[in-house]
Amino acid sequence: MKIDLIISAGDIKKEKVLHKSAVVIDMLRATSVITTAMNNGCKRVIPVLTIDEALETAKNIKEEVILGGERKGLKIDGFDFSNSPLEYSRDVIGGKTLIMTTTNGTKAIRGSIGASSILIGSVLNARAVAEKLLKLKDDVVIVNAGTYGQFSIDDFICSGYIINCLKEMTAVELSDVASTANYVYENNSDIKSFAKFAKHYKRIMELNLQEDFEYCCKKDTIKIVPEFVDGEIIIR
Ligand code: 3SL
Ligand code: MG
């Protein structure tokens, strides 16, 4: 199995994702939110790029919807929830459709269209993602959302952990960047300590989101793997 890695949503090229299993990672915090919401019974997540697109999509859906996401890390005016995974408990999200827009994460998900499968990955469900990739048998590209079009340490180490899980399960051929992610993880398996070097960590701390950070760094607390299929994220 070949494994490659794209370092930010701004670096996605169609030919790099085409016919591969893509795993989108925005561990701080969009893909941790999606994984948590789906694990708590959310019916589907519709990732959109803009606030207007979110409002327009909501208008066209008959059932009850929840609007979630962020701009500059903060809840969007008029939305129900922010980009904190801790807000998406079963009592508020169970059975509902979540329409979500975030700065980097939803962009990376939509940018991965063209891949044969698009999985939603995070530290929370990393091992389950690796197991699913093994079953899918395609070559893999891990798509880091990154932060504002730039490489981000948090997503990179999360990718390293998924690659490391896969390496334990099967023979892999790593691109140089995938190999570097694995190396970084092997030498820093305490994800929390290493993710603190990320620039985005400072922003998270400025916003008093220590609890979110701790939560998003916990390995394999969730066993499901959400998948982006035909415009919506579901479990199948
Ligand atoms: O898109 C993103 O990277 C966000 O998840 C950023 S934040 O953690 O909500 O600030
Ligand atoms: Mg992020």
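Between segment 102-134 and segment 45-91, how far is it from one alpha carbon centroid to the other, in angstrom? The two parts, judged by their Cα centres, are 19 Å apart. GNM on the chain, alpha-carbon springs under 10 angstrom: the most fluctuating residue among F151, F197, F213 is F197.
In a Gaussian network model over the chain where Cα atoms closer than 10 Å are linked, find which of E64, E53, E186 has the largest mean-square fluctuation. Highest fluctuation among the options: E64.
When a/c reaches 1.5 or more, the comparison of a/b and b/c decides; with that in mind, is segment 57-124 rounded, prolate or oblate per its Cα gyration tensor? Verdict is rounded for segment 57-124. Using the Cα gyration tensor of segment 132-177, with a ≥ b ≥ c the square roots of its eigenvalues, what is the shape: rounded (a/c below 1.5), prolate (a/b larger than b/c) or oblate (neither)? Because a/c hits 1.5 or more and a/b exceeds b/c, segment 132-177 counts as prolate.
Restrict the search to segment 117-150; then list the trypsin sites (Lys or Arg not before Pro) that DSSP places in a loop and that have at most 11 other Cβ atoms within 10 Å of their Cβ.
Those satisfying the criteria are K137.
Report the trypsin sites (Lys or Arg not before Pro) located in segment 8-85 that are in a DSSP loop and have at most 13 other Cβ atoms inside 10 Å of their Cβ, or state none. Please list the in-between numbers first.
Details: sites: K13, K14, K16, K20, R29, K43, R44, K59, K62, R71, K72, K75; in loops: K13, K20, R29, K43, K62, K72, K75.
When the trypsin sites (Lys or Arg not before Pro) of segment 8-85 are filtered for loop state and at most 13 Cβ neighbours within 10 Å, K13, K62, K72 remain.
Judged by the gyration tensor of its Cα atoms, with axes a ≥ b ≥ c, the chain is prolate; a/c meets the 1.5 cut and a/b is the larger of a/b and b/c.
A short reminder: the numbers here are calculations on the coordinates, not readings from a lab. Note that the coordinates shown come from a computational prediction; the quantities given were computed from them, not determined experimentally. Positions of Cβ are backbone-derived with ideal geometry, glycine not excepted, and every protein chain shown enters the neighbour counts.
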